[in-house]
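Working notes for the structure below.
The values are calculated or read from the model by the stated rules, or taken from the named source; none is laboratory data. This is a predicted model, so every value here is computed, not measured. Note that we place each Cβ from the backbone using ideal geometry, even for glycine, and neighbour counts take in every protein chain shown. The accessibility values were calculated without ligands, DNA or RNA, using every heavy atom of the protein model including side chains. Shrake-Rupley method; radii C 1.70, N 1.55, O 1.52, S 1.80 Å.
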Amino acid sequence: MADQLSPDEKFNLITRNLQEVLGEEKVKQVLQERELRVYWGTATTGKPHVAYFVPMSKIADFLKAGCEVTVLFADLHAYLDNMKAPWELLELRVKYYEQVIKAMLESIGVPLDKLKFVKGTNFQLSREYTLDVYRLSSMVTEHDAKKAGAEVVKQVEHPLLSGLLYPGLQALDEEYLKVDAQFGGVDQRKIFTLAEKYLPSLGYAKRAHLMNPMVPGLTGAKMSSSEEESKIDLLDSKEDVKKKLKKAFCEPGNIQNNGVLSFVKYVLFPLRGGFSIKRDAKWGGDKVYSVFEEVEKDFAAEMIHPGDLKASVEVALNELLEPIRKKFESPELRKLTSEAYPDPSKTRGGGGGGEDDELAPSRLDIRVGKIISVEKHPDADSLYLEKIDMRGIESQAMLLCASIEGEPRKVEPLDPPEGSSPGDRVFVEGYESGKPDDRLNPKKKVWEKLQVDLKISDECVAQWKDKQLMTTLGQITCKTLKGGNIS
């Protein structure tokens, strides 16, 4: 197919559905002379989820356009990012990622022989690469390194030096993989601009950068490996897929931050060229769409019910996942999965039976909410909240506030990080992967036992036993009540 495409047609295929392209003219120039060399890297941290079908569908586009594509399993980056992948698990995580990414590509019909797979530590520990890291570190300021990684590297109160190295290494990968362009999410834009700024200072060419939009998760926020309720795992059963889709944020007529609708746009349409809504004849019967904009238009006009959209996506998604599930039924891959991602119930904070496990803060389902209205209580000298937007998340609603006892008692609501959305999950640093209880048993007094260790630090950061309360975007804070309690 690529041989029959003009350079302009290849460019349109390479850039369709992208949010932004830096260096368009460079891409066009290369396509006039030869095929584009592009790489996509993924840090081998949490288990890949269905949002990974978004970059997979773009890789399919790249191959159709004749690109030479390299997939980088960035194991060293996984460790540098606040040790999201423990050193002893790096090799196992790389093997898991390689198997699951290849299974995903096979499930959407991408020929693996057209791809090159590379492990980061196979070249990132070489003498030449290490010397370039030192050279780069003598040029990049702390400010630039921290800014570049702000949306990718996990943000903590006392950041490690490793997190500052991360963006520079990702920039150097472009040179050592000998590519013309790097492909990634728009959340990596600052790393891409750092690469464009500093690689020429080392005598290396400036590359182009192709950026995908960030696909909302099932809660309406970014789909995250560390937030269980925001994602569908690639190995989830059909029952789990149904359960998670049923809970997904999909408000009638709302096309903003709609993870279900976004999956149709960025995965199903590019891969299949269309989408079918399955519904009972009395509600209009099945309808086939050949253009996504028509799906979006009908959903906005409430001509498509959220339940019908979810049910139709469920069918299409299970068709994509079934070959992956079957591949991972083998004893070898089952063993690999359990070794690369040990059962949290047998590790710290997973609820495995000990007193510390039983009181793991991951058992609390804490969410970001938006206060819609506040009214004066009719029978008391105080205020009460009339309405809180939780983006359709079912939870045991209460408002967490910082307070300091005294006359008068001082109370402040906690502030989520900038860019947060209603429904974003709040977790305690180090307990990201634990699954919250469906409902807390009041007889066990889980909340009461955990709450006594919720405090505000001297830096006005919310903490549990000196570990930060966070979302995937950063830490939870309050404005002034240093040393206060949280309740």
**Fill in**
If we keep only residues of the stretch 289-298 that are in a helix (DSSP H, G or I) and out of contact with any helix residue (DSSP H, G or I) (no Cβ under 8 Å at 6 or more places or on another chain), then the residue least open to solvent (accessible area, probe 1.4 Å) is D298
**Asked** Hey, does the stretch 19-39 have a residue that's of a type in the set (K, R), outside any strand (DSSP E or B), open to solvent by less than 50 Å² (accessible area, probe 1.4 Å) and in contact (Cβ under 8 Å) with a residue 12 or more places away in the chain?
**Response** no
**Message:** Quick check on the stretch 281-297. Is at least one of its residues more than 26 Å from the chain's Cα centre (by Cα) and of a type in the set (D, E)?
**Reply:** yes
**Prompt:** If you check every pair at least six apart or on different chains, which have Cβ atoms under 7 Å apart with a residue in the stretch 119-130 that is among the hydrophobic types (A, V, I, L, M, F, W, C) first and a residue that is open to solvent by 40 Å² or more (accessible area, probe 1.4 Å) and assigned to a helix (DSSP H, G or I) second?
**Reply:** F123/Y176
**Request:** Just name the residue that is surrounded by the most Cβ atoms within 10 Å (Cβ to Cβ) out of those in the stretch 452-482 that are over 19 Å from P416 (Cβ atoms) and touching a Lys or Arg at 6+ places or on another chain (Cβ under 7 Å).
**Result:** D453
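Any chance you could count how many residues in the stretch 435-451 are at pLDDT 80 or above and surrounded by 13 or more Cβ atoms within 10 Å (Cβ to Cβ)? Please lay out each step first, then the result.
Here is the first cut: in the stretch 435-451, the residues at pLDDT 80 or above are 436-437, 446-451.
If we keep only those that are surrounded by 13 or more Cβ atoms within 10 Å (Cβ to Cβ) too, we end up with 436-437, 446-447, 450-451.
Of the residues in the stretch 435-451, 6 are at pLDDT 80 or above and surrounded by 13 or more Cβ atoms within 10 Å (Cβ to Cβ).
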**Request:** Could you please find all residues in the stretch 398-434 being loosely packed, with under 15 Cβ neighbours inside 10 Å, at pLDDT 80 or above and under 14 Å from G369 (Cα atoms)?
**Result:** P413, E418, G419
**Asked** For the stretch 299-313, what are the residues that are crowded, with 19+ Cβ neighbours inside 10 Å and of a type in the set (A, V, I, L, M, F, W, C)?
**Response** F299, I304, L309, V313
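Which of the residues belonging to the stretch 149-182 are closer than 19 Å to A205 by Cα and modelled with pLDDT under 90?
none
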**Message:** Take the residues in the stretch 77-116 that are out of contact with any helix residue (DSSP H, G or I) (no Cβ under 9 Å at 6 or more places or on another chain) and among the acidic types (D, E); name whichever of them is farthest from Y52 (Cα to Cα).
**Reply:** E88
**Fill in**
Considering residues that are more than 16 Å from V54 (Cβ to Cβ) and either of a type in the set (D, E, K, R) or in contact with a strand residue (DSSP E or B) (Cβ under 7 Å, 6 or more places away or on another chain) (or both), the number found within the stretch 22-42 is 13
**Asked** How many residues does the stretch 181-220 contain that are of a type outside the set (S, T, N, Q), open to solvent by 10 Å² or more (accessible area, probe 1.4 Å) and in contact with a strand residue (DSSP E or B) (Cβ under 9 Å, 6 or more places away or on another chain)?
**Response** 10
**Message:** Can you pull out every residue in the stretch 75-131 that is open to solvent by less than 40 Å² (accessible area, probe 1.4 Å), under 25 Å from S330 (Cα atoms) and of a type in the set (D, E)?
**Reply:** D75
**Asked** Has the stretch 47-64 got at least one residue that is modelled with pLDDT of 95 or more and open to solvent by 50 Å² or more (accessible area, probe 1.4 Å)?
**Response** no
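Are there helices (runs of 4 or more DSSP H) fully within the stretch 236-288 with at least 2 residues that are open to solvent by 60 Å² or more (accessible area, probe 1.4 Å)? List them.
So the answer is 238-247.
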**Asked** If V153 passes every condition in (1) open to solvent by 40 Å² or more (accessible area, probe 1.4 Å); (2) touching an Asp or Glu at 6+ places or on another chain (Cβ under 9 Å) but one, which one does it miss?
**Response** (1)
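Quick grid of which residues meet (1) farther than 15 Å from I232 by Cβ; (2) at pLDDT 90 or above:
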position: I255; (1), (2): yes, yes
position: V260; (1), (2): no, yes
position: Y266; (1), (2): no, no
position: L271; (1), (2): yes, no
position: D280; (1), (2): yes, no
position: D286; (1), (2): yes, no
position: Y289; (1), (2): yes, yes
**Asked** Is there a residue in the stretch 46-54 that is in a strand (DSSP E or B), under 25 Å from the mean Cα position of the chain (by Cα) and of a type outside the set (A, V, I, L, M, F, W, C)?
**Response** yes
